[in-house]
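Asker: The structure under discussion is supplied below as structure tokens; questions concerning it will follow.
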Amino acid sequence: MKRVLLVPVFVLLAVLPMPAQDSLAVVRAVEAANRAALEAYAADVTVVATKRVPRKDFQLWYGHLPDRTWSPDGNWNDPAESRVRFFSRRNAAGDLDIMRSEAVDSVIWSAPVPFCADAVSPGDEIFPMLSPDGKRLYFSSDGLFGMGGHDLYVAYWNPATRTWGNVQNMGVPYSSPADDLLFCDTEDGRFSVFASNRDCGRDSVVIYVLRQENPVSVPVEKGRAAAAAQLRVTAPDESYPFVRRNPGKEPDLVFEVPEPEIDDSFRVEGTGAFAENNQLPSGLVYQVQLFVGNTKPTIRQLKGVRPVYAHKQRSGKVLYAAGVFRTYAEAETALAAVRKAGHKGAIIIAFEDGKSLSVSQARKKESSVKVITEEIRIVK
């Protein structure tokens with residue numbers, strides 16, 4: 001379905017602590033502003049059938065989808081055994097994000113990653129459904145720019161960059177201040193289907209079956225969008241199969257374990273740590289030398305400094321130095337922090353392409369590079 005891009009209204013808020021009541025009032029104000037922006041447009045759709053069903057398992061009433069393809073946790077288990085899966089999974093904060101995973105072989109799936117950065121919010125993103133042509137991914141969210149509750153969104157596949165993006169709120173009449181869930185198109189191209197509790201209690205939803213017409217959102221007069229969101233049957237069609245399907249088994253997926261991220265940023269806090277990769281990068285770098293010795297220091301002796309690199313000397317001793325800095329000024333700042341932590345004898349040292357050189361030589365090289373860079377910038 002084609003959609004026009006609805007430009008969101010951004011409400012800037014002062015970052016100040018506020019009482020719970022004030023915070024709730026701000027949320028309501030933002031929702032009202034979003035709703036006003038979205039209700040300025042509406043698409044004219046044709047409703048052919050509706051059915052009220054219990055919310056707890058409403059997805060089972062999508063009769064055009066094959067039997068036993070919904071897992072008990074509400075995730076779609078693709079019966080076509082697609083090599084790409086989309087599903088909701090809780091993040092570290094406890095919110096649901098839509099993840100993407102690809103088949104590595106007949107058993108292993110790649111480590112799940114968010115399918116699209118623009119579709120990640122402080123709320124929940126649920127019910128991802130791929131369009132039959134694979135070019136659009138529909139989902140619901142209560143954390144993105146919307147009207148309140150769960151709204152309906154669509155993301156588009158970019159074949160040139162092979163990424164998902166251009167996330168849009170589907171707008172009126174698909175989204176409303178209520179919960180709007182699980183939009184999908186039928187394979188035969190006849191109908192679009194979604195569920196909402198806008199016209200019923202919270203324990204139920206109404207499934208709306210629309211004629212698939214590629215409606216375009218157009219500006220509407222104030223108050224007309226609310227009428228458009230009523231979604232009354234205007235062209236009855238009893239051919240859509242409202243049949244309750246059976247839930248399927250939870251898919252038994254084995255995911256790859258992602259490589260742990262290496263945090264090599266310099267800091268002096270908490271527990272010290274040695275560098276995961278002891279190899280210095282190429283080019284000119286400065287470090288802060290902590291000490292030289294015959295035995296490896298304990299973590300406690302690092303006094304919160306990380307990451308600490310070990311450089312073996314010709315004498316057989318090992319020099320321990322912290323951080324990787326491209327300028328002497330950065331190294332000076334780090335030196336002050338290291339000395340404050342208790343390494344009173346710390347000094348700045350320098351390397352070029354992994355080989356030691358004096359700090360004075362390094363500063364001359366750094367100065368020369370800076371002059372050349374500035375001259376190039378001026379010429380450009």
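Asker: Can you list residue pairs whose Cβ atoms sit under 8 Å apart, with the first residue in the stretch 333-356 being at positive phi and the second being among the hydrophobic types (A, V, I, L, M, F, W, C) and surrounded by fewer than 19 Cβ atoms within 10 Å (Cβ to Cβ)? Count only pairs 6 or more apart in sequence or on different chains.
Answerer: G354/L280
Asker: Looking only at the stretch 218-245, count how many residues are hydroxyl-bearing (S, T, Y) and farther than 18 Å from C184 by Cα.
Answerer: Residues that pass the stated criteria total 1.
Asker: Further question on the same structure: Being at positive phi and either polar (S, T, N, Q) or not assigned by TED's automatic domain parsing to the domain that holds G149 (or both) is the filter here, so list the residues in the stretch 190-229 that pass it.
Answerer: Selection gives N214 alone.
Asker: While we're looking at this one, here's another question. I'm trying to understand the selection: among the residues of the stretch 309-350, which are of a type in the set (V, I, T) and either part of a loop (DSSP other than H, G, I, E, B) or crowded, with 22+ Cβ neighbours inside 10 Å (or both)?
Answerer: Matches in the stretch 309-350: T327, V338.
Asker: A further question on this structure: Kindly indicate whether L152 is in contact (Cβ under 8 Å) with a residue 24 or more places away in the chain, out of contact with any Gly (no Cβ under 7 Å at 6 or more places or on another chain), within 26 Å of E102 (Cα to Cα) and part of a loop (DSSP other than H, G, I, E, B).
Answerer: Numbers: in contact (Cβ under 8 Å) with a residue 24 or more places away in the chain: yes; out of contact with any Gly (no Cβ under 7 Å at 6 or more places or on another chain): yes; within 26 Å of E102 (Cα to Cα): yes; part of a loop (DSSP other than H, G, I, E, B): no.
Considered against the rule, which asks whether it is in contact (Cβ under 8 Å) with a residue 24 or more places away in the chain, out of contact with any Gly (no Cβ under 7 Å at 6 or more places or on another chain), within 26 Å of E102 (Cα to Cα) and part of a loop (DSSP other than H, G, I, E, B), L152 comes out as no.
Asker: While we're on this one: Looking for something among the basic types (K, R) and within 27 Å of A36 (Cβ to Cβ) - is there at least one such residue anywhere in the stretch 91-104?
Answerer: no
Asker: From the residues in the stretch 161-172 that are in a loop (DSSP other than H, G, I, E, B) and of a type in the set (A, V, I, L, M), which one is modelled with the highest pLDDT?
Answerer: Per the criteria, the residue is M170.
Asker: Among the listed residues V220, V254, V205, V193, which satisfies the condition of being among the β-branched types (V, I, T) and over 28 Å from R89 (Cα atoms)?
Answerer: It is V220.
Asker: Scan the stretch 300-337 residue by residue and report those that are under 27 Å from S367 (Cα atoms), of a type outside the set (A, V, I, L, M, F, W, C) and within 38 Å of the chain's Cα centre (by Cα).
Answerer: P307, Y309, G323, R326, T327, Y328, E330, E332, T333
Asker: When you look at R377, is it under 13 Å from F266 (Cα atoms) and either modelled with pLDDT under 95 or surrounded by fewer than 15 Cβ atoms within 10 Å (Cβ to Cβ) (or both), yes or no?
Answerer: Spelling it out, it is not the case that R377 is under 13 Å from F266 (Cα atoms) and either modelled with pLDDT under 95 or surrounded by fewer than 15 Cβ atoms within 10 Å (Cβ to Cβ) (or both).
Asker: Which is in contact with a Phe, Trp or Tyr (Cβ under 9 Å, 6 or more places away or on another chain), in contact (Cβ under 8 Å) with a residue 40 or more places away in the chain, surrounded by 13 or more Cβ atoms within 10 Å (Cβ to Cβ) and of a type in the set (V, I, T), of V254, V285, V292, V268?
Answerer: V285
Asker: Let me ask something else. For the list (1) over 21 Å from D118 (Cα atoms); (2) surrounded by 19 or more Cβ atoms within 10 Å (Cβ to Cβ), I need the number of the one condition that W164 fails.
Answerer: (1)
Asker: While we're on this one: Quick test of your reading of the structure: V193 fulfils all but one of (1) among the β-branched types (V, I, T); (2) within 25 Å of F255 (Cβ to Cβ); (3) touching a residue at least 12 places away in the same chain (Cβ under 8 Å). Name the failing condition by number.
Answerer: The failed condition is (2).
Asker: Looking at the stretch 241-270, which of the residues that are at pLDDT 85 or above and of a type in the set (D, E) is nearest to the chain's Cα centre (by Cα)?
Answerer: E256
Asker: Consider D151 against the criteria (1) modelled with pLDDT of 95 or more; (2) farther than 20 Å from V218 by Cβ; (3) not aliphatic (A, V, I, L, M): it satisfies all of them except one. Which criterion is unmet?
Answerer: It is condition (2) that D151 fails.
Asker: Is at least one residue of the stretch 292-299 of a type in the set (A, V, I, L, M, F, W, C), in a strand (DSSP E or B) and over 35 Å from the mean Cα position of the chain (by Cα)?
Answerer: Yes.
The values are calculated or read from the model by the stated rules, or taken from the named source; none is laboratory data. If you're wondering where the values come from, they're calculated on a predicted model, not measured in any experiment. With ideal geometry, Cβ positions are generated from the backbone for all residues, glycine too; neighbour counts draw on all protein chains shown.
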